[in-house]
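For reference, the structure discussed in these notes is given below.
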Amino acid sequence: MTHDYTPGTYTPAPVHMDLGSDFYDAVSAADFPQVTLRFRNDRAAASVGLEGLSDEDWINHFARFEPLADNVPQPLALRYHGHQFRSYNPDLGDGRGFLFAQLRGGQGRLLDLGTKGSGQTPYSRRGDGRLTLKGGVREILATEMLEALGVETSRTFSLIETGEALERGDEPSPTRSAVMVRLNHSHIRFGTFQYLAYHDRQDDILRLIDHCITHYFPELAACEGDDRVIGFFEEVIRRSARLVAQWMAAGFVHGVLNTDNMNITGESFDYGPWRFLPSVQPGFTAAYFDHSGLYAYARQPEAVGWNIAQLGGTLTKLVPEDRLNEALKLYPVAYEQAMAEAFSRRLGVSGLTSEFVGLLLRWMNETSIPFEQLFFDWFGGEASVARAAKSPLADLYTRDDWRDLEKKLLAAEPVRPQRLQHDYFSNRRPCSMLIEEVEDIWAPIEEHDDWSAFEQKLMAIGQAAV
């Protein structure tokens with residue numbers, strides 16, 4: 001599962017405005033005292049025809065937010081509600097970000113440019129609408145690593161330091177500030193539907209479903225009536241199941257799986273207190289405030305399933321409830337299939353079963369093997385037998401309980417075994433992204449404005465993604 005990087009020409013497509021002003025508020029970006037370009041994703045920019053922008057033009061568009069030609073004329077703060085740790089909150093919406101532009105990718109797919117840290121909006125509540133530079137750096141590291149590991153994710157498009165000293169209660173302050181732009185397929189969230197249902201706007205829910213089918217799920221265009229609503233719901237279920245399975249295969253813990261943090265196109269975005277597992281730990285949490293472990297690693301499938309049910313609840317006045325409940329049965333089936341596919345991809349083979357995945361995770365938990373090491377050692381299955389024997393953790397692969405798993409893995413057909421010829425696989429350890437590494441990358445930036453460790457890590461991630 002990879003992003004489309006087909007080179008594209010700039011093709012504006014500001015279709016969200018077609019929904020009408022009841023879906024958003026026009027806002028203005030903050031006026032930042034300084035602008036220093038720290039990261040521009042030219043690979044992603046090329047896919048939407050923007051790689052040719054000079055640094056000056058880049059800053060004008062992605063820090064000063066001068067509109068792109070024939071695009072959204074003024075930033076739009078999107079309206080939505082959401083369940084936060086399963087408590088409903090009607091006081092949400094884009095509080096420090098907005099939809100800046102919409103355009104077509106190289107293969108014609110609709111894409112959004114959205115912001116984070118771009119200033120206050122009507123939904124900021126008591127927040128300052130800003131983003132810490134560290135938060136922006138963390139988001140780049142998360143998105144680059146997740147993409148390398150095959151996870152559907154937004155791409156960090158731009159990060160510009162903005163010269164403000166921010167006070168934060170959960171990190172040393174004052175701290176440096178930044179404004180970030182992300183590229184992803186949709187900012188239409190589960191919470192968008194919850195906002196409409198809360199206000200009993202059934203006609204607008206139907207309009208939004210039609211909008212989603214037109215621009216994201218065109219394969220459902222021929223469906224009519226109840227089948228159209230159910231078809232939409234089932235597609236969201238499949239994509240959400242695929243996403244959480246990819247997280248599990250990447251050893252990723254999102255941290256805040258609220259309904260406003262899930263979108264209908266099934267990609268991960270808007271990263272907060274994320275973590276990657278050092279080893280399989282079912283109760284591992286990312287957010288220090290997740291005291292009950294609601295969004296722990298092993299509970300992520302349950303959390304996503306609960307969120308899907310809340311989305312289904314917004315559709316109960318449109319279609320019979322028994323049809324929605326029947327559609328919900330698709331989730332565990334889709335998730336089981338997606339787990340088999342995600343772990344097969346990570347191990348570079350085809351045809352592993354969900355039963356194998358369950359046994360593998362249990363073994364990884366019992367042995368505390370570093371999460372990434374196993375996938376590195378055994379990529380390609382049979383093609384890596386000799387490599388695994390030379391692993392720093394080779395002793396673990398002599399255990400009797402591994403032998404049963406090894407037989408099943410070796411029976412699977414290798415996919416892309418030529419990848420093993422890359423220099424990356426001559427290393428003894430894989431590229432990883434543990435919290436200690438993130439802190440080690442941030443420390444020289446904070447202390448000496450030294451970005452070399454950050455740049456080296458991005459290069460290492462690029463190697464891991466070959």
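The values are calculated or read from the model by the stated rules, or taken from the named source; none is laboratory data. Predicted model, so just to flag it, every value in this text is computed and none were measured. Neighbour counts are summed over all protein chains in view; Cβ atoms, including those assigned to glycine, are modelled from backbone coordinates with ideal geometry.
Residues to consider are Leu360, Leu374; find the one that is within 24 Å of the chain's Cα centre (by Cα), aliphatic (A, V, I, L, M), surrounded by 18 or more Cβ atoms within 10 Å (Cβ to Cβ) and not assigned by TED's automatic domain parsing to the domain that holds Val253. Steps first, answer last, please.
Numbers: Leu360 fails: within 24 Å of the chain's Cα centre (by Cα).
Just one listed residue meets the conditions, Leu374.
Looking at Asp18, is it surrounded by fewer than 16 Cβ atoms within 10 Å (Cβ to Cβ) and in contact (Cβ under 8 Å) with a residue 60 or more places away in the chain? Don't jump to the end; show me each part of the working.
Values: surrounded by fewer than 16 Cβ atoms within 10 Å (Cβ to Cβ): yes; in contact (Cβ under 8 Å) with a residue 60 or more places away in the chain: yes.
Yes; evaluated as a whole, the condition is true for this residue.
With the structure loaded, tell me whether Pro414 is surrounded by 13 or more Cβ atoms within 10 Å (Cβ to Cβ) and either within 22 Å of Trp247 (Cβ to Cβ) or over 27 Å from the mean Cα position of the chain (by Cα) (or both) or whether it fails that test.
On the way: surrounded by 13 or more Cβ atoms within 10 Å (Cβ to Cβ): yes; either within 22 Å of Trp247 (Cβ to Cβ) or over 27 Å from the mean Cα position of the chain (by Cα) (or both): yes.
Criteria met by Pro414.
Identify, from the list Ala63, Ala44, Ala69, the residue that is surrounded by fewer than 16 Cβ atoms within 10 Å (Cβ to Cβ) and in contact (Cβ under 8 Å) with a residue 24 or more places away in the chain. Talk me through it step by step, then tell me what you get.
Working: Ala63 fails: surrounded by fewer than 16 Cβ atoms within 10 Å (Cβ to Cβ); Ala44 fails: surrounded by fewer than 16 Cβ atoms within 10 Å (Cβ to Cβ).
Of the residues listed, the single one that is surrounded by fewer than 16 Cβ atoms within 10 Å (Cβ to Cβ) and in contact (Cβ under 8 Å) with a residue 24 or more places away in the chain is Ala69.
Of all residues in segment 21-34, which are crowded, with 19+ Cβ neighbours inside 10 Å and either more than 26 Å from the chain's Cα centre (by Cα) or not small (Gly, Ala, Ser) (or both)?
If the condition is that a residue be crowded, with 19+ Cβ neighbours inside 10 Å and either more than 26 Å from the chain's Cα centre (by Cα) or not small (Gly, Ala, Ser) (or both), then Phe23, Tyr24, Val27, Phe32 are the ones that fit.
Looking at segment 438-458, which of the residues that are of a type in the set (D, E, K, R), in contact (Cβ under 8 Å) with a residue 12 or more places away in the chain and out of contact with any strand residue (DSSP E or B) (no Cβ under 9 Å at 6 or more places or on another chain) is surrounded by the fewest Cβ atoms within 10 Å (Cβ to Cβ)? Walk me through it before giving the result.
Narrowing segment 438-458 to residues of a type in the set (D, E, K, R): 439-440, 446-447, 449-450, 455, 457.
Of the ones still in play, those that are also in contact (Cβ under 8 Å) with a residue 12 or more places away in the chain are 440, 446, 457.
Of the ones still in play, those that are also out of contact with any strand residue (DSSP E or B) (no Cβ under 9 Å at 6 or more places or on another chain) are 440, 457.
Numbers: Asp440: 12, Lys457: 20.
The qualifying residue surrounded by the fewest Cβ atoms within 10 Å (Cβ to Cβ) is Asp440.
For the subset of segment 178-205 comprising residues that are in a strand (DSSP E or B) and under 28 Å from Gln107 (Cα atoms), which member is nearest to the chain's Cα centre (by Cα)?
So in segment 178-205, the residues in a strand (DSSP E or B) come out as 178-184, 189.
Still in the list and also under 28 Å from Gln107 (Cα atoms): 180-184, 189.
Working: Met180: 15, Val181: 14, Arg182: 11, Leu183: 11, Asn184: 9, Arg189: 13 Å.
The extreme case among them is Asn184.
Go over the candidates Phe32, Phe85 one by one and state the one that is hydrophobic (A, V, I, L, M, F, W, C) and under 30 Å from His199 (Cα atoms). Spell out how you get there, then give the answer.
Working: Phe32 fails: under 30 Å from His199 (Cα atoms).
So the residue among Phe32, Phe85 that is hydrophobic (A, V, I, L, M, F, W, C) and under 30 Å from His199 (Cα atoms) is Phe85.
Being among the aliphatic types (A, V, I, L, M) and either under 23 Å from Thr316 (Cα atoms) or assigned to a loop (DSSP other than H, G, I, E, B) (or both) narrows it down to one residue among Val256, Val244; which is it? Show your work before the answer.
Details: Val244 fails: either under 23 Å from Thr316 (Cα atoms) or assigned to a loop (DSSP other than H, G, I, E, B) (or both).
Going through Val256, Val244 in turn, the sole match is Val256.
Kindly list the number of the only condition in (1) closer than 20 Å to Asn261 by Cα; (2) free of Cβ contacts under 8 Å to residues at least 40 places away in the same chain that fails for Val181.
Status for Val181: all satisfied but (2).
State all residues of segment 178-207 that are of a type in the set (S, T, N, Q) and under 30 Å from Tyr5 (Cα atoms); if no residue qualifies, say none.
Hits for segment 178-207 are Asn184, Ser186, Thr192.
Matching residues to (1) closer than 25 Å to Arg323 by Cα; (2) not hydrophobic (A, V, I, L, M, F, W, C):
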{"site": "Arg238", "(1), (2)": "yes, yes"}
{"site": "His254", "(1), (2)": "no, yes"}
{"site": "Ser268", "(1), (2)": "no, yes"}
{"site": "Tyr271", "(1), (2)": "no, yes"}
{"site": "Gly283", "(1), (2)": "no, yes"}
{"site": "Ala287", "(1), (2)": "no, no"}
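Anything in segment 218-244 that is in contact with a Phe, Trp or Tyr (Cβ under 6 Å, 6 or more places away or on another chain) and buried (at least 24 other Cβ atoms within 10 Å of the Cβ)? List them, or say none.
Residues satisfying the conditions are Ile237, Ala241.
What do you reckon, is His83 farther than 22 Å from Leu146 by Cβ, assigned by TED's automatic domain parsing to the domain that holds Arg130 and either part of a loop (DSSP other than H, G, I, E, B) or without any contact (Cβ under 8 Å) to a residue 40 or more places away in the chain (or both)? Outline the logic, then answer.
Details: farther than 22 Å from Leu146 by Cβ: yes; assigned by TED's automatic domain parsing to the domain that holds Arg130: yes; either part of a loop (DSSP other than H, G, I, E, B) or without any contact (Cβ under 8 Å) to a residue 40 or more places away in the chain (or both): no.
No; evaluated as a whole, the condition is false for this residue.
Could you count how many residues in segment 359-410 are of a type in the set (A, V, I, L, M) and not in a helix (DSSP H, G or I)? Let's see the steps before the verdict.
If we filter segment 359-410 for residues that are of a type in the set (A, V, I, L, M), which is where we start, we get 359-361, 364, 369, 374, 383, 385-386, 388-389, 393-394, 396, 405, 409-410.
From what's left, not in a helix (DSSP H, G or I): 369, 393.
The total comes to 2.
Take the residues in segment 253-282 that are charged (D, E, K, R) and modelled with pLDDT of 95 or more, then tell me which one is nearest to Glu139 (Cα to Cα).
Pass one, segment 253-282, residues charged (D, E, K, R): 260, 267, 270, 275.
From what's left, modelled with pLDDT of 95 or more: 260, 267, 275.
Details: Asp260: 18, Glu267: 14, Arg275: 11 Å.
Residue satisfying both the conditions and the ranking: Arg275.
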